[in-house]
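Reviewing the structure listed below.
Nothing in this text is a laboratory measurement; each read-out follows from the coordinates by a stated rule. As the structure is a prediction and not an experimental result, all values here were calculated from the model. With ideal geometry, Cβ positions are generated from the backbone for all residues, glycine too; neighbour counts draw on all protein chains shown.
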Amino acid sequence: MRAMVLETVGAPLVPKELAVPSVQPDEVLLRVEACGVCRTDLHVVDGELPNPRTPIIPGHEIVGTVVAAGDNVQTPMPGMRVGVPWLGGTCGVCAYCRSGHENLCDHPEFTGYTRPGGFASHVVARAAYCILLHDDVDAVATAPLLCAGLIGWRSLQRAGNARRLGLYGFGAAAHIVAQVAILQGREVFAFTRPGDTRAQSFALSLGATWAGDSDVPPPGQLDAAIIFAPVGALVPAALKAVRKGGRVVCGGIHMSDIPAFPYRDLWEEREIMSVANLTREDARAFFAAKATQGVKTTTRPYPLERANEALADLREGRLSGAAVLVP
Ligand SMILES: [Zn+2]
Ligand SMILES: [Zn+2]
């Protein structure tokens, strides 16, 4: 099989020809049809997450077809199309797993981080953590839903029933969440890097009520804000933008340090919270929700071998929507 491998943190991925892995009894082997490039992949490659286990194949927005199944697997069976998200496995016995919070499992496995991921022609996944997809889905269009969509969905749930919703960082996740939120009847206020008029036009084209620079206050107070950009300074900025009792949800896995800010910006029952990983229930709810049926992802496909170019384009903010690798 072909794979793009992270051998050294901070260095470019290396194209490799590897043996196709064999499946354990509870695993399936997939032929990868498409794999999205997520900001978390950038954090893995750039060494911003703890304990990277190199060599590793990144990629956790996988759409593929099952080509082999382990002896204990009932579903999915060969020929079925599935998605493989960031949550690659959980222990099933810790207090978090037993209380419906498997996203916080004490002994989790993560696709493309602690398990081999989808920047490859083939990948092995734990069957119970695969998401069943319809036979007719478009692989490239669906791939970004597997993380940007799911984490965005979980972040939106955490934002509560906010009618006026701010989105900080208008990349892959925000472009999906914005569509879901608007279909649910909310108003979206999109904040981008100062001067990024292309991202602001993109947000407006998707139906945002307002789009502007992240260092400019929105027209009127927000009920909640979700921060997808990995920029800690946006936390106090977003707190200032939300009303009394408003929430600021941090949707990313990594962020630069949050600068000190006056207590009065938090006071009046404003809240700051983070979102970590996802649960399989999030995936079921996301793909079943009416509002998500109308989402149209904007993607830029790259051949698998050009993964480094896709990562660079994401790092430099040159993308509208999501980069997707196609083996
Ligand atoms: Zn657990
Ligand atoms: Zn991700």
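For the reader, a short list of remarks on this structure follows.
- Taking the Cα centre of segment 150-274 as reference, the dipole from Cβ charges on Lys and Arg (+1) and Asp and Glu (-1) amounts to some 260 debye.
- Here the Gaussian network model covers the chain, with springs between Cα atoms less than 10 Å apart; of G59, G117, G317, G317 fluctuates the most.
- Of the trypsin sites (Lys or Arg not before Pro) in segment 3-73, the ones in a loop by DSSP (not H, G, I, E or B) with at most 10 other beta carbons within 10 Å are R53.
- Hits among aspartates and glutamates - C-alpha to C-alpha of K244 under 19 Å, sequence gap 8 or more where chains match: E187, D223, D265, E268, E269, E271
- Cα→Cβ-extended label distance, 7 Å offset, between W267 and A233, nm: 2.6 nm
- 10 Å Cβ shell holding at most 13 others, DSSP loop, GluC sites (Glu not before Pro): longest site-free stretch of the chain: 8-267
- Value of relative contact order over segment 284-327, rounded to a whole percent, pairs C-alpha under 8 Å and six or more apart: 45 percent
- Averaging Cα coordinates gives a centre for segment 61-76 and one for segment 278-327; these two points are 21 Å apart.
- Computed over the chain: relative contact order in percent, which uses C-alpha pairs under 8 Å that are six or more apart: 19 percent
- Whole-number percent relative contact order across segment 1-132, with pairs defined as alpha carbons under 8 Å at least 6 apart: 32 percent
- Rounded, prolate or oblate (a/c below 1.5 giving rounded, otherwise prolate when a/b exceeds b/c) for segment 201-273 by Cα gyration tensor: oblate
- Label point distance in nm, V9-K290, each placed 7 Å from Cα along Cα→Cβ: 4.7 nm
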